[in-house]
1. Under 8 Å between Cβ atoms, which residue pairs at least 6 apart in sequence (or on different chains) link something in segment 115-142 that is without any contact (Cβ under 8 Å) to a residue 24 or more places away in the chain and farther than 16 Å from VAL158 by Cβ with a partner that is outside any strand (DSSP E or B) and open to solvent by 50 Å² or more (accessible area, probe 1.4 Å)?
2. Go through segment 115-153 residue by residue and tally those that are in a loop (DSSP other than H, G, I, E, B) and surrounded by 14 or more Cβ atoms within 10 Å (Cβ to Cβ).
Amino acid sequence: APAYVSTPVRPWPRRGGVGCASARGGPTSALASAAPAVPSVTAGGGGPRWYTLRIDAGHTFRHVTNGSLKLYGGIPNVVYGSDHLYYAVLDGGNFKNTIVDDAWGVGMFASLALEPSNGHPRISYFDQINNHLKYAEQNANGLLHSWSITTIDASGEVGGNKTAIALDNSSSHLPHIA
């Protein structure tokens, strides 16, 4: 099922698939649709125009849950998943995506925070197979980017499967996860 998110940023060329949509002047929200990507349309007789851009293709996404979208310097950063955890960032006119956690059944209910100083992503997400709460942080060393993955709660008693992450205002921007 394709998933679309909307954001009040510049329009992008229309494509299809799992993607981002932009409504000029529209509110920030997230939605999921089982329908294929549609051409740009005007909603409600003169409302905002919607543009879609494919984030990911080639996977069969089943039971995709809400993802998370954050802007850094006006550039969309997105996390999503159900079979694995994925991270995508708009680079030029296309999204560059990567598998953050390739374990099976992870990435559902992902939540994204970006470090204010450098835009590095921090992600909380649910491991459906083991009923664990997990955390991923991107590490940068020059041009090499790697991910540190930590299981936050391995009790198997995670109270629900939705996650949320925020960074505090300290110099190290410590994550707070619920």
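1. ALA140/ASN118
2. 6
The values are calculated or read from the model by the stated rules, or taken from the named source; none is laboratory data. What you are looking at is a predicted structure, and each value in this text was computed from that prediction instead of being measured. Here Cβ is always computed from backbone atoms with ideal geometry, including for glycine, and neighbour counts include all displayed protein chains. Quick note on the areas: whole protein, heavy atoms, side chains included, nothing else; ligands and nucleic acids left out. Shrake-Rupley method; radii C 1.70, N 1.55, O 1.52, S 1.80 Å.
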